[in-house]
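Below is one structure, written out as structure tokens; comments come after it.
The values are calculated or read from the model by the stated rules, or taken from the named source; none is laboratory data. From a predicted model like this one, the values you see are computed outputs, not experimental measurements. Using ideal geometry, Cβ is built from the backbone for each residue, glycine included, and neighbour counts are taken over all protein chains shown. Please note that ligands, DNA and RNA were not included when accessible areas were found on the heavy atoms of the full protein model with its side chains. Shrake-Rupley method; radii C 1.70, N 1.55, O 1.52, S 1.80 Å.
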2 protein chains.
Amino acid sequence: MTITQLYYVLAVAEQQNFTKAAEKCFVTQPTLSMQIQKLEDQLDVQIFDRSKKPIELTEVGKKIVTQARNIVNESYRIQDIVDQQKGFIGGEFKLGVIPTIMPTLLPMFLKTFIKRHPKVKLKIEELTTEEIISRIKDGHLDAAIAATPLEDENIKERVLYFEPFVCYIPKNHKLFGKQNIDSTDLEIDNMLLLEDGHCFRDGVINLCKVFKNHIDDKFQLESGSIETLIKLSNEGLGMTLLPYLHTLDIREKEKENLHFFNDPPPAREVSIIYHKSELKMQIIEALQDVISGIIRGAIAFQDVKIISPIPK
Amino acid sequence: MTITQLYYVLAVAEQQNFTKAAEKCFVTQPTLSMQIQKLEDQLDVQIFDRSKKPIELTEVGKKIVTQARNIVNESYRIQDIVDQQKGFIGGEFKLGVIPTIMPTLLPMFLKTFIKRHPKVKLKIEELTTEEIISRIKDGHLDAAIAATPLEDENIKERVLYFEPFVCYIPKNHKLFGKQNIDSTDLEIDNMLLLEDGHCFRDGVINLCKVFKNHIDDKFQLESGSIETLIKLSNEGLGMTLLPYLHTLDIREKEKENLHFFNDPPPAREVSIIYHKSELKMQIIEALQDVISGIIRGAIAFQDVKIISPIPK
DNA sequence: AATTTGTAATAAATAAAAATTATAATAAAA
DNA sequence: TTTTATTATAATTTTTATTTATTACAAATT
């Protein structure tokens, strides 16, 4: 049994297709077929059920894949140990970012990070919190930036900053007259929200829920981007909530529609999250350092009230 | 990086000698040297400090060895998964047994076990509790039979039976006249004990301690085997305590010297212990079944007072 | 100081294994 | 039925691991 064989097994299990798996491994299809056959012969057990249309794992196969993933991941850790020892910060690093953080945070820290750590090959992907969690667990992401706390025992979190919510209230809205908004003023069925799967949406719902025990399932309108949300709001379709960093680069005219919360403002906790195995910890710490440093200048709220990002 | 390379590294780390490690791996010395060099080249780090007299691990080397042990052990688990799936009970199994259990328990279950599980190649070794714990942790033992509880978070225990202590009191001893002994009668500085490192000794000391807070460090006499203990006792050198199973095959004449404790008698808990990773669990369960079945007929005490085997 | 001994490294040759190219076999889809 | 998609097999090449033989080196012994 070799690590390579296990890696091939993982690829086939993932792609459910020898040919595609072979491409992903940068070898030809017969190589994969033969190595996997060899492993199956040695173990004297079928890992894959090749009779099924898209290839399936056998029952033992599933257990073997789980264990193979362990072994392959643990093998990466050896290079990690060496890097850590040398203080080397480099190599490929896959970072996930949730959509409502991506456009505001990324431009702020990316240039600085790349300049400071030129050997790191950052691969950034925009993903929902749910996708992020599953990809951190299966090793497809090294870390991610998301709203926390997530309360997942396999995932560790390091808080980067707290980002207050700001109300965006169009002129025709009944709350427009109020200078400062209180959380108790919010009404969920009067609010434009992001579509399902965005944790920012869940955060807002939780915020409203704090004061209203039940919510109607019929929300007025839902959108995929905060940019759209603002436009819809401008059309007089309702108020909405924006994460503070988004308010920094909206048009001057629209700034008039911003209303801040009374102290302490509700806020989301934004963290860098990673698998509990702490692989590539040097890079995670490097990211944390850069982002914390950058954000320190941008957000200056002291006391905030943290809203959970998980649907409850 | 291959599992084989990691295995070679472990062998050299253990033997502190390339030549001996090569023998243990059934390859020639240049094979080992080259594979380890190759790994060191790939990682671009020295794992071994070859300038030191018996070869030493570098600082990174130590961390790599720890991780390599993980990976190699986890790779064994794949065969384990297959065996478990097939209900196959076989292969080499290394069992440790503490000295005070070895001579009495082994003859009772060994024949039955071998008959019932002929494919298992049992390798039994007599070891002290301390040695057992360290060897279970480093993977040199698959399981062991020892007095418990050990309170070690890396080791799991399954109780096999409770074995009461029986007093062995020579005729000239002041307690000889008493038919049934009470724990409070025991005096540590009046007791023949096994030499240091035997947990049965620690158990006895704990038992005496229950009623006397301090013990003199000058014990009367210490011996390496229970057989000797009995002989010394016969010479009038003091009383001693025997585990119940030992009393089943002593000479008729000596049986007169046995005095049982009042209920509930002090006893030791005997368990099969194994690493928390639960490798080769089928064989461990098979052992447990056989031993529990055999012992059920031999020991019939209900209520016992368990004495800890750990020095306190 | 020279020699022996124990031990690891190196070189060249061999054996073994992995990977490739080319092709066949198979099953599902058109 | 033919096409398409996909995996298996065969023969060949490339790569890698292993071996044998030898060298290098340091410590211990003479």
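Stokes-Einstein D for segment B:112-164 at 20 °C, 1.002 mPa s, Kirkwood Rh over Cα pairs, in µm²/s?
168 µm²/s
Counting Lys and Arg as +1 and Asp and Glu as -1, each charge on the Cβ, what is the dipole of segment B:1-76 about the Cα centre in debye, to the nearest 20?
The calculated dipole for segment B:1-76 is roughly 200 debye.
Starting from the 7 Å offset along Cα-to-Cβ, what nm value, one decimal, do you get for the label separation of B:GLN85 and B:ASP44?
The two pseudo-label positions are separated by 4.0 nm.
Tell me, in nm to one decimal, what length is gained between A:ASN172 and A:ASP249 on full extension, where the rule is 0.36 nm per residue of separation less the Cα-Cα distance?
Working it through step by step, the gained length comes to 25.4 nm.
Tell me the total accessible area that B and A bury against each other, 1.4 angstrom probe, in square angstrom rounded to 100. List each step's numbers first, then the result.
Working: alone 16100 and 16090 Å², together 30020 Å².
Chains B and A together bury approximately 2200 Å².
If I take every Cα pair under 8 Å that is 6 or more residues apart in segment A:3-83, average their sequence separation and divide by the length, what percent do I get for the relative contact order?
30 percent
Mind listing P(r) for segment A:16-97? All alpha-carbon pairs, 5 Å bins, whole percents.
That works out to 3, 12, 14, 21, 18, 11, 10, 7, 3, 0, in percent per bin.
Quick one: if the Förster radius is 22 Å, what FRET efficiency do A:THR2 and A:THR28 give, using the C-beta to C-beta distance and rounding to 0.05? Spell out each step's value before the answer.
On the way: r = 17 Å, r/R0 = 0.79.
Efficiency, from the Cβ-Cβ distance: 0.80.
Given R₀ = 41 Å, what would the calculated FRET efficiency be for A:THR112 paired with B:ASP152, taking r from the Cβ atoms and rounding to 0.05?
On the way: r = 48 Å, r/R0 = 1.16.
So, using R0 = 41 Å, E works out to roughly 0.30.
If we count every other residue with Cβ under 12 angstrom of B:ARG251's Cβ, Lys/Arg +1 and Asp/Glu -1, where does the sum land? Don't skip to the answer; put the middle values down first.
Details: positive: B:LYS231, B:LYS253, B:LYS255; negative: B:GLU227, B:ASP249, B:GLU252, B:GLU254, B:GLU256.
Residues close to B:ARG251 contribute a combined charge of -2.
Describe numerically, in nm with one decimal, the distance between label points set 7 Å from Cα along Cα→Cβ at A:THR128 and at B:SER277.
Between A:THR128 and B:SER277, the label points sit 3.8 nm apart.
Over every pair of different alpha-carbon atoms in segment B:23-156, take the mean of 1/r and invert it; report that Kirkwood radius in Å.
18.0 Å
Over 24 Å between Cα atoms: which of A:LYS123/A:LYS231; A:LYS24/A:LYS115; B:LYS63/B:LYS276; A:LYS111/B:LYS63; B:LYS111/B:LYS156; B:LYS123/B:LYS231 fall into that group? Can you show the working numbers first?
On the way: A:LYS123/A:LYS231 31 Å; A:LYS24/A:LYS115 30 Å; B:LYS63/B:LYS276 21 Å; A:LYS111/B:LYS63 34 Å; B:LYS111/B:LYS156 26 Å; B:LYS123/B:LYS231 31 Å.
Over 24 Å Cα-Cα: A:LYS123/A:LYS231; A:LYS24/A:LYS115; A:LYS111/B:LYS63; B:LYS111/B:LYS156; B:LYS123/B:LYS231.
Which whole-angstrom value gives the distance between the alpha carbon centres of segment A:89-145 and segment B:258-312?
One Cα centre to the other: 53 Å.
On a full-extension model of 0.36 nm per residue, what is the gain between A:LYS119 and A:LYS20, subtracting their alpha-carbon distance, rounded to one decimal in nm? Display every interim value, and only then the final one.
Values: separation 99, 0.36 × 99 = 35.64 nm, distance 2.98 nm.
Extra length available between A:LYS119 and A:LYS20 comes to 32.7 nm.
In nm, to one decimal, how far is the modelled label at B:ALA298 from the one at A:HIS140, with both set 7 Å along Cα→Cβ?
Taking the two extended label points, one gets 5.6 nm.
Run through segment A:84-156 and list the GluC sites (Glu not before Pro) located in a DSSP loop whose Cβ has at most 10 other Cβ atoms within 10 Å.
Listed in order of number, the matching sites are A:GLU151, A:GLU153.
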